[in-house]
Amino acid sequence: MDITYLKGVGPKRAELYNKIGVQTVEQLTELYPRDYVDFTAPLTISQVQPGEVCAFRAFVSSKHAPFSEYARMAIYKAILTDGTGSITAVFFNAKYTFQKLELDKEYLFYGKITGDLIGLQVSSPLFVSPEEGGLIPKYPLTAGLTNNMVSANMKTALTVVKQEEALPEDIRERYSLCGREEAVRKIHFPKSRDEYTAARRRLVFEELLTLKLGLSQLRNRGRRQSGAVMAEKSMDGFFGALPFQPTGAQKRAIDDCIRDMQRQYPMNRLLQGDVGSGKTLVAAAAAYYAKLNGYQTLVMAPTEVLARQHHATFSSMLDGLGVRVELLSGSLTAKQKAEIRKAAAEGEIDILVGTQALIQKTSELKAAGLVIVDEQHRFGVAQRSALAEKGIDPHILAMSATPIPRTLALIVYGDLDVSVLDEMPKGRIPIKTYAVDTSFRPRIYNFIKKHIAEGRQAYIVCPLVEESENLRSEKASAISYYQQLCENEFRDIPAGLLYGKMKQADKDKVMQEFRENKLKLLVSTTVIEVGIDVPNAVVMLIENAEQFGLSQLHQLRGRVGRGSEQSYCVLMTDNTGEYTKARTGAMVETTDGFEIARRDLELRGPGNFFGRQQHGLPPLKVSDIADDAEVLYEVDELAQSILADDPEIKKAQNSGIRANVERLFGQNDAYGWN
């Protein structure tokens, strides 16, 4: 039912609802509160403290309206008492709100307390009758749409919409879940924390089960399709050309890929490994195997810098093996792009490397047998689906240098098989990490110069590119900082500058000179976070370390320690906050990416570890994949048992679950659900 026709809405308010994605009354009931005002444990007036936001219970003992209600700032006051003390409630230009307060009547009030013990005050408090207490919902809003409007419309909508029960009774009993009708009603208007917890648990359980089953169906659907089935071929040529022995983990991952590519349905595999674990070698091996079978490979990277790095790495690894590797990038001329696309379409290119431009329909390959997606955490189900259309159901190998805890992997990579590179290549020495304040700057500069004098190279990373009036000069600007270094401490040392908005040709020139050791020092923004591999660089100084997330710091640190020499990472910050201390402490204590990810999840808390839409997953209304780990485990177990008994979710008892899956994945054609 269109929300326009809900009593109390009408065309104008319907337009406001449309702005927040609500077109129907059913969608309104799924506009879950983003937070609650908690009236469940009100204080006495004697207990409230200036500066705190709290709920308290009190009577209205007197009311004072302004002399003129038409003044520019009409101030209305009410004296509130409860036998333990008194407090003044102040309302600004709020005649109608003020009039709702009745003398000698008791209310629950909520707001920020100001003043002192002599005279306490609360400005524009929310208030409800004691019977209306509990948890008052706070909804997502837009200009013109108030929380009171949404609450009133929600109460009406809940009487109009009948909630369809999707979960069979035996599942609800087994996992102690309330019914959907009760859950939706109580998520909006819970009387207690326990009611809220039970309602949310039921809705989270249903939503995550729907997501998990949908991803499994996508995976199984792929297994019903015929991929580029490949035959047994010798990889001796590839291994013989390597100047070193692959790790056991790399060999196992290569075997996983080859086994997958020999099957009747496409590979859909995630290669997960920490910074420097050697994922590119596995990817190159898979691409070589595809070439031996007469198939082409697409390699897609999130940035042009990383695409160029892959092009160089794949070319060097496969040099002399008869493999043609080409780069398709935004910086090429239209003529160059057309020539590369023509060669790819005619089957003359074995491996085509590039950025998201590869998804465009103009980038066709004659026989795409393999698609490799790097930095998997930046691409989700929908993006992989689009890539899969580049060939006749090609195999997909997704790579990620962002380790995530298993709980998140259950959902985020729910449609993928996983290979983990849990060994570092031989000769790699753990990076020594230090956290210091700016008083150490002269010593750190001398430390960098000492290593440069010994023939090594170094990075200095800054969070900002240019000075900003809002972000004062204490936060190092890469450009001005670079100029300062070149004129002072490092004036006799060849240095280069790298940042995102530079022209590609200038970036390439700087990186090439750094790789060739012509530049000894590279001052850079986070553009070097992924994809730059210079084994001779052994020191990294990260300025304003408090500006970076923990996982980002770990990614940056991974640019050093790539050779056989001891490497160092120095985190410099004058920020003494607990959050900064926890992050830098974690970096100093461990170089294990999975442990870093676990700490990052703990520190940033629910909802911030990944953006909810970052993975290309269907939109979630109530669940938080970072916070609901316990439910995830239950859902994973249940999903497996449902699919074991009913692989296509077509049995009568699962009809509600099936409808949920079709609804969630059918919202976006990119998932290929129909």
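Readers should treat all values here as calculations from the given coordinates under stated rules, not as data from a laboratory. Predicted model only: the values in this text are computed from it and were never measured. A quick note on method: Cβ atoms are made from the backbone with ideal geometry, for glycine too, and the neighbour counts reach across all protein chains shown.
Could you run the Karplus curve 6.51 cos²θ - 1.76 cosθ + 1.60 with θ = phi - 60° over segment 446-458 and give me ³J(HN,Hα) per residue in whole Hz, x for Gly and Pro?
Each residue of segment 446-458 in turn: 5, 4, 5, 4, 4, 6, 5, 4, 8, x, 8, 10, 8 Hz.
Amide H neighbours of residue 55 under 5 Å, counting only residues 5+ apart in sequence or on other chains, H built in-plane at 1.01 Å?
43
Which three semi-axes in whole Å describe the equivalent ellipsoid of segment 531-574, each the square root of 5 times a Cα gyration tensor eigenvalue, listed largest first?
20, 11, 7
What does the charge dipole of the chain about its Cα centre add up to, to the nearest 20 debye, if the Cβ of each Lys and Arg holds +1 and the Cβ of each Asp and Glu holds -1?
My answer is approximately 1060 debye.
Which Cα, out of 495, 542, 61, lies furthest along the positive dipole direction of the chain (beta carbon charges, K/R +1, D/E -1)?
The listed residue farthest towards the positive side: 495.
Go through 637-645, 366-374 and give me the packing order, highest mean Cβ count within 10 Å leading. List each step's numbers first, then the result.
Working: 637-645: 14.6, 366-374: 24.0.
By packing density, highest mean first, the sequence is 366-374, 637-645.
Order of 319-329, 161-171 by packing, highest average Cβ count within 10 Å first?
So the peptides 319-329, 161-171, ranked by packing, come out 319-329, 161-171.
Starting with the highest mean, order 444-451, 202-209 by the number of other Cβ atoms within 10 Å, averaged over the residues of each peptide.
Per-residue Cβ counts within 10 Å, averaged per peptide and sorted highest first, yield 202-209, 444-451.
Taking just the C-alpha trace of segment 432-590, give me its Rg and Dmax in Å.
14.6, 43
Simple spin-label model, 7 Å along Cα-to-Cβ: residue 159 to residue 173 in nm?
Calculated label separation equals 3.5 nm.
To test your reading of the geometry: what angle, between 0 and 90 degrees and rounded to tens, separates the Cα axis of helix 147-160 from the longest principal axis of the chain?
90 degrees
I'd like the projected area of the chain, averaged over all directions, using the convex hull of its alpha carbons. Report it in nm² with one decimal.
If you wrap the Cα atoms of the chain in a convex hull and average its projections, you get 36.6 nm².
Give me, ordered by chain and number, the residues 5 or more places off residue 460 or on other chains with an amide H under 5 Å from its own placed amide H.
Result for residue 460 returns 522, 523, 524, 541.
Determine, from the Cβ-Cβ distance of residue 259 and residue 634 and an R0 of 35 Å, the FRET efficiency 1/(1 + (r/R0)^6), rounded to the nearest 0.05.
The calculated FRET efficiency here is 0.65.
In terms of modelled amide H atoms, which long-range or inter-chain residues lie less than 5 Å from the amide H of residue 296?
Under 5 Å from the amide H of residue 296 lie the amide H atoms of 367, 368, 369, 370, each far enough along the sequence or on another chain.
Which translational diffusion coefficient, to the nearest whole µm²/s, is obtained for segment 41-133 from the Stokes-Einstein equation, given a Kirkwood hydrodynamic radius over C-alpha pairs, 10 °C and 1.306 mPa s? Please list the in-between numbers first.
Details: Rh = 13.3 Å.
Diffusion coefficient, whole number: 120 µm²/s.
Give me the percent relative contact order of segment 41-133, please, defined on Cα pairs under 8 angstrom at least 6 residues apart. Intermediate values should be presented prior to the final figure.
Numbers: 206 pairs, mean separation 28.1, N = 93.
30 percent.
Normalising by the residue count of the chain, find the relative contact order in percent from Cα pairs under 8 Å and 6+ residues apart.
It comes to 12 percent, rounded to a whole number.
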